[in-house]
Amino acid sequence: MLLNITRENHTPLHQAERERDRLPPISSHSSSGLDRGPKLPYPSLNFISNHRKEDGSHSISSQFILPGIRHGMVRHGRELPPICPNVRLKHQHQHRITVDNLPPEVRARFATDPVMPLRTKTVKEFQEDIERATVSGDWKHIHDFYLTTFGSFLELNAAFKKDASPPFNTIEDSGINTKFINAVYDALSLTPPDAQRAVLKGIINSLLREWKGRRTKDDLRAYFILVQNPQCTSPATYVIYAHLLRQIAALAEADHYFLMHWFKKLSQKRFKQLVERLHLFISTRLFPVKPEELPPMAKCSWWIPSATKVLSLLNAANIISSTPILPFVDFYNPTLDHTDFMEDYRIWQTQGNSTRFTFCQFAFILSTVVKKAVIQKDSEQQMISMARQSLVDKVSRRQRVDMSLLFLNIKVRRLQLVSDSMDELTRNRADLKKKLKVSFVGEAGLDMGGLTKEWFLLLIRQIFHTDYGMFTFFNDSHCHWFSSWKCDNFSEFRLVGVLMGLAVYNSITLDISFPPCVYKKLLTPPVVPCDLDLPVGMATLTLDDLQQVMPDLSHGLAELLSYEGNVEEDFCTTFQVSQEELGVIKSYNLKPGGDKIPVTNQNRKEYVQLYVDFLLNKSIYRQFTTFYYGFHSVCTSDALMLLRPEEVEILVCGSPNLDMGSLQKAAQYEGYSKTDPTIRAFWDVVLGFPLKFQKRLLHFSTGSDRVPVGGMADLNFKISKIDASTEWLPISHTCFNQICLPPYKNKKELKQKLTIAISNAEGFGLE
């Protein structure tokens, strides 16, 4: 897993930049909590860096120079590098000096191995100290504890490491006493301001010690502890927090791997706090409430990239966790909805994952609203480009320009809907990226969007009907799946793919019940490969994916994996499976000679994986490949690479969860006000409808019973007054998501008329 994180440059050429980035001191005489003091330059610190490496050896800072030694040094029998690597050593082979034969007074000048201090305070003892300080008002002991503990990485490990001796160099155990950390941080807000400042002073001292080379696991533990500091929610601490994030972001990929696994061990509460803290930091830096509290953006342009990279570690930890700690939507930052995301997308398109930061490199942080807007604008640009090209071609040939050539025009008969639609889409294949306009033969409706919605709805309803044979519906999972029957022509599967692509391209939501794994396959790969011989749609799927399609079969295979008896004797199964196709039972080998290979305790995992791959990939390969190319023939936007499978499903299908209360709050009125008796009666009726009738109402007024990505507010739902007899039924304009109501006399009459209207809502006409 690549996180696109590079180590911070520490060469002399960047010394001036590092000096500007020095952390500010915390004013010890301030009387107001965590107020930030003036930003004063720190003097250059010349200290001996003598820290433990992974192999147990120690590195000695080159600033510590032994008097009288001008040649190479050897420690423990090994030759050490020269003090000044740019100076050629003379007589290198004539005088070999080892540590063992140095005079005692010289040998004593070497820095000793750092010995981890012995800290034995327990959670209970610490909490008792807090209680005593609260009662007595004497916080000196607590102040000294915080000042000492956060004064260096060494002290942090001494205080919070479970055991000072074991290295704890595994991804599964950070070696940190999590309960103690939580207790210390939870108590911090109860302490006086000077104790809180002591923590910040200690963090500054720790971060100013810049080491070269690989970090030790104790260093990683210190970062792991510091990043959980709840003080980092205040803008007054953001300069310190930014430097902490910068150092974590600049760690090596191997170090990120450890941190990622340690993060996933946190409780959901602590994990969510980390995510929310980073989101708040990014949002505040983008749109500060008080800009004077933060340095100018020009001087801290690295703040947001550093925070986003650390957030990507938490997102990765969430993904690799056996059960996601947080829903993926918790990693969205809504503040980015109000930024120039199209410019960000353009830079990402042209420069990719280069050294220049873009949010598109970290697509998990972008909400579905942003991604939908990017796809829409990308689609609009492609539509305009296609229309312009058609217009230029006509003009260049001196032909009469017909405005209809700017659109993808579909004309169909209701009784031959599928066949007419296939013929029209095949005939207009070159125009699929133009704006869609639909008309029904014999109907005078003008398509301002409503007829297009109606066409999609009726066509999907017919194609997915079980009598049509293209898809199988599983009652236990309530989803459709591709029929595995074999034929010579799979063009109708291409039609379904084109329809889904047109729906996304034209911002139409469809009532399709595909399982989530379909959208995983649709993004495998997200962009059509240049080599058409490469397989597509062959996603890596598991038993969990099969569970969403065929739960009973998935349960049976799970029992096979957990069976404690003799699988070969008790199950009598081979690597051959059978399935019904058009009433005929056919057998397939999962591997060469599979009918002669028994399933045993040793190979049952392989059997299950091959069976899942057969059912969800290989048995429907030709059907899905045709479907895949149909979808991507319309949706060729690079923005698809930004999407998760769940987000593709939301773009295609919208949300099935209706919230009529939200629709009421967002509704607009024309000729009525929300306090008029007719409007009050309308909402009383609608909110009292069962879900079935609420969906009918939504379909009657908008042309679809699905909720778009932005929620009910994005529908721009309007209720208008018409001066007509109360004998009239309500009228809708699905092109504008509008319903027109006569001024009915009472609630009973309104309910009767509205029920009749929404129950007979197919077909269009002009007054």
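Listed here are the residues, each with its yes/no results for (1) under 14 Å from I282 (Cβ atoms); (2) in contact with a His (Cβ under 6 Å, 6 or more places away or on another chain); (3) crowded, with 17+ Cβ neighbours inside 10 Å; (4) among the aliphatic types (A, V, I, L, M).
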position	(1), (2), (3), (4)
L311	yes, no, yes, yes
L314	yes, no, yes, yes
P324	no, no, no, no
M342	no, no, no, yes
Query raised in the report: Within the set of pairs 6+ apart or on separate chains, which have a first residue in segment 630-657 that is over 27 Å from S385 (Cα atoms) and in contact (Cβ under 8 Å) with a residue 12 or more places away in the chain, a second that is of a type in the set (G, A, S) and part of a loop (DSSP other than H, G, I, E, B), and C-beta atoms under 8 Å apart?
Result: G654/S704; S655/G711
Query - Scope segment 512-531; condition of a type outside the set (K, R) and out of contact with any Phe, Trp or Tyr (no Cβ under 9 Å at 6 or more places or on another chain); matching residues - result: P516, C517, Y519, L523, P525, P526, V527, P529, C530, D531
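Among the helices (runs of 4 or more DSSP H) contained in segment 657-767, which hold 3 or more residues that are open to solvent by 30 Å² or more (accessible area, probe 1.4 Å), over 30 Å from K371 (Cα atoms) and at pLDDT 90 or above? Walk me through how you get there before you give the answer.
Details: elements: 660-666, 677-688, 691-702, 747-758.
Where helices (runs of 4 or more DSSP H) fall fully within segment 657-767 and carry at least 3 residues being open to solvent by 30 Å² or more (accessible area, probe 1.4 Å), over 30 Å from K371 (Cα atoms) and at pLDDT 90 or above, they are 677-688, 747-758.
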Report task. Return the residue satisfying two criteria in turn: it lies in segment 613-653 and is under 18 Å from the mean Cα position of the chain (by Cα) and in a loop (DSSP other than H, G, I, E, B), and of such residues it is nearest to V518 (Cα to Cα). Result -> R644
**Report entry** Residue among D330, D378 that is under 34 Å from the mean Cα position of the chain (by Cα), among the acidic types (D, E) and either over 26 Å from K433 (Cα atoms) or modelled with pLDDT of 95 or more (or both)
**Finding:** D330
Query raised in the report: Inside segment 88-180, counting only helices (runs of 4 or more DSSP H) that do not spill past its ends, which hold 2 or more residues that are modelled with pLDDT of 50 or more and open to solvent by 70 Å² or more (accessible area, probe 1.4 Å)?
Result: 123-136, 140-149
Query raised in the report: Under 6 Å by Cβ, and 6 or more places apart or on different chains, what pairs join a residue from segment 276-305 that is within 18 Å of V227 (Cβ to Cβ) with one that is of a type in the set (F, W, Y) and part of a helix (DSSP H, G or I)?
Result: R285/W303
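Among the residues that make up segment 551-563, is at least one of them within 24 Å of T625 (Cα to Cα) and open to solvent by 10 Å² or more (accessible area, probe 1.4 Å)? Can you show your working first?
Residues of segment 551-563 that are within 24 Å of T625 (Cα to Cα), as a first pass: none.
No, every residue in segment 551-563 fails to be within 24 Å of T625 (Cα to Cα) and open to solvent by 10 Å² or more (accessible area, probe 1.4 Å).
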Report summary line: Of those in segment 393-415 that are open to solvent by less than 70 Å² (accessible area, probe 1.4 Å) and polar (S, T, N, Q), the residue modelled with the highest pLDDT is N409
Report task. Name, by its number, the condition in (1) free of Cβ contacts under 8 Å to residues at least 40 places away in the same chain; (2) over 23 Å from the mean Cα position of the chain (by Cα) that does not hold for A254. Result -> (2)
Query raised in the report: S396 passes all but one of (1) over 39 Å from the mean Cα position of the chain (by Cα); (2) closer than 30 Å to V709 by Cα; (3) without any contact (Cβ under 8 Å) to a residue 40 or more places away in the chain; which number fails?
Result: (2)
Report summary line: Of K586, K591, the only residue that is out of contact with any Pro (no Cβ under 6 Å at 6 or more places or on another chain), basic (K, R) and assigned to a strand (DSSP E or B) is K586
Query - Enumeration of residues in segment 532-582 that are of a type in the set (D, E) and more than 16 Å from I620 (Cα to Cα) - result: D533, D544, D552, E559, E564, E568, E569, D570
Report task. Would you mind stating whether D420 is of a type outside the set (A, V, I, L, M, F, W, C), over 27 Å from L640 (Cα atoms), open to solvent by less than 60 Å² (accessible area, probe 1.4 Å) and at pLDDT 90 or above? Result -> yes
Report summary line: Restricting segment 407-432 to residues that are free of Cβ contacts under 8 Å to residues at least 60 places away in the same chain and part of a loop (DSSP other than H, G, I, E, B), the one nearest to F490 (Cα to Cα) turns out to be N428
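Name the strands (runs of 3 or more DSSP E) wholly inside segment 433-514 in which the number of residues that are open to solvent by less than 20 Å² (accessible area, probe 1.4 Å) is 3 or more.
Values: elements: 435-440, 471-474, 479-482.
Correct list: 435-440, 479-482.
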Query raised in the report: Does segment 378-392 contain at least one residue that is farther than 30 Å from V441 by Cβ, in contact with a helix residue (DSSP H, G or I) (Cβ under 8 Å, 6 or more places away or on another chain) and either assigned to a helix (DSSP H, G or I) or open to solvent by 40 Å² or more (accessible area, probe 1.4 Å) (or both)?
Result: yes
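The values are calculated or read from the model by the stated rules, or taken from the named source; none is laboratory data. Keep in mind it's a predicted model, so treat the numbers as computed, not measured. Because the Cβ atoms are built from the backbone with ideal geometry, glycine has one as well, and the counts that use them run over all protein chains shown. Heavy atoms of the whole protein, side chains included, go into the accessibility calculation; ligands, DNA and RNA do not. Shrake-Rupley method; radii C 1.70, N 1.55, O 1.52, S 1.80 Å.
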